[in-house]
There are 2 protein chains.
Amino acid sequence: MGVKANMDGEKRLIQARERVIDAISQNMHLYGVTESVGRLYGALYFQEDPMTLDEMKDELGMSKTSMSTSVRNLMDLKMVDKVWRKGVRKDLYQAEPDWYQTFIDFFTIKWRAGVNINVSAMEKSLTELHLLIEDNETDERIKNMARVDCEKILAALEYYDWLNRLVDSFESGEIFQYIPKKR
Amino acid sequence: MGVKANMDGEKRLIQARERVIDAISQNMHLYGVTESVGRLYGALYFQEDPMTLDEMKDELGMSKTSMSTSVRNLMDLKMVDKVWRKGVRKDLYQAEPDWYQTFIDFFTIKWRAGVNINVSAMEKSLTELHLLIEDNETDERIKNMARVDCEKILAALEYYDWLNRLVDSFESGEIFQYIPKKR
DNA sequence: AAGTACGTACAGAAAAAACTGTACGAAGTA
DNA sequence: TACTTCGTACAGTTTTTTCTGTACGTACTT
């Protein structure tokens, strides 16, 4: 078997990987993750061993600084873990291989953040609107607008309660009772 | 009741709205939607009547061009509908008020797009990897790597099948059997 | 048919973000 | 203790995205 054939085989392998990595990063980009960060996750996913920052930098042809921030980004999303290996001084990172878990972590993190932002703002505004409605000084027209706004906010809060319960069922794995992993 | 009190009431109302609108736009920003687009959705949500592009432009203090593209953006996400009103020549837009539906549309659109991107890339690469494995010319080391990659891709495809079924349960409303709207 | 209002394509300007290189602190090594 | 190695904070640059103004096609009005 010639060297040429090997080279070719390796090239074909890399190309097949690259296509999938591109798709992964495009996909992640849909949810506001940089394509570079997505490619890094893809590279880590296919890499057999955990990688150091320097290896990532060589693999993606980017600066070490970028690798540092990108990998931290992925860690925040729980898509990558730092691993320890005896005798290795550098930090090692590996991709979380369980995509079910990755999906759940990714969205529960974001959804909970969103719920928190919105619920606290809405509760605060709701209180203010009630004060406004109960205030005798308030113009009747304004009162009516405030009442409508209260209704809208209450409807939204009800939805956020639902979203919270959805997230709970993701986190607890209860969702897999309803939508099983394997058909 | 003095004019001053009215003004004040209106200001308080607007402030309460503004806080919620900010939270909404921050939230939407988490998923890669521009903050301006988010604020526009928020404005439409609280506006009692459907709005024209010119009204939006005045409300947000931005160009009409931006309103045109932003509102189209929101329509693509099914967060805003164009409505028709007798005798009104301008296009009118209103926010979809049902947040359950908005949530479902938003994520099913994105998830389906992601599934399609990834599944087609993975199937193509999977075929190529199988050819590589079956090719006698291929170096054994490469074959082994290809086998590992195949496993990873198959695991991912299984996950995408699950995601597709999850999306189905969102679209059909079946999810509300498991996670009911009201407690 | 001429005039006006409306929405959007497009090119360029402004703003935001992603990325890099330098510098430095922490932690290991000799 | 002096010397490396490593990771990241930060400032500045590059790239990308967002936003605006102009211009034009369509459709309504007179």
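The simple spin-label model puts a point 7 Å past each Cα toward its Cβ; for residue B:171 and residue B:147 those points are separated by 3.8 nm.
Given B:57/B:90; A:143/B:64; B:57/B:78; B:78/B:124; A:82/A:110, which pairs have Cα atoms separated by over 23 Å?
Numbers: B:57/B:90 14 Å; A:143/B:64 31 Å; B:57/B:78 21 Å; B:78/B:124 32 Å; A:82/A:110 21 Å.
Check vs 23 Å cut-off fails for A:143/B:64; B:78/B:124.
For the residues A:47, A:15, A:94, a GNM of chain A with alpha-carbon springs under 10 Å puts the largest fluctuation on A:15. Accessible area of residue B:59 (1.4 Å probe, protein heavy atoms only, ligands and nucleic acids ignored): about 110 Å². What FRET efficiency comes out for the pair residue B:112/residue A:86, r = Cβ-Cβ distance, R0 = 35 Å, nearest 0.05? Computed FRET efficiency for residue B:112 and residue A:86 comes out at 0.20. Computed with a 1.4 Å probe on the full set of protein chains, the accessible area for residue A:78 sits at about 110 Å².
Can you bin region B:1-105 into rounded, prolate or oblate? Criterion: square roots of the alpha carbon gyration tensor eigenvalues sorted a ≥ b ≥ c, rounded for a/c under 1.5, prolate for a/b above b/c, oblate for the rest. Oblate, because a/c is 1.5 or more while a/b does not exceed b/c. In chain A, Cα pairs under 8 Å separated by at least six residues give a relative contact order of 14 percent.
Place a +1 charge on the Cβ of each Lys and Arg in region B:100-178 and a -1 charge on the Cβ of each Asp and Glu, then give the dipole magnitude about the Cα centre in debye, rounded to the nearest 20. Could the numbers behind the result be given before it?
Details: 8 positive and 15 negative charges, 61 e Å.
Its charge dipole is roughly 300 debye.
Annotation note: chymotrypsin sites (Phe, Trp or Tyr not before Pro) in region B:76-183 located in DSSP loop regions with a Cβ neighbour count of at most 10 within 10 Å are B:84.
The values are calculated or read from the model by the stated rules, or taken from the named source; none is laboratory data. Only a predicted model underlies this, so the values are computations on that prediction, with no experimental measurement involved. Please note: Cβ atoms are built from the backbone with ideal geometry, for glycine as well, and neighbour counts cover all protein chains shown. For the accessible areas, the whole protein counts, side chains as well, though only heavy atoms, and no ligand, DNA or RNA atoms are used. Shrake-Rupley method; radii C 1.70, N 1.55, O 1.52, S 1.80 Å.
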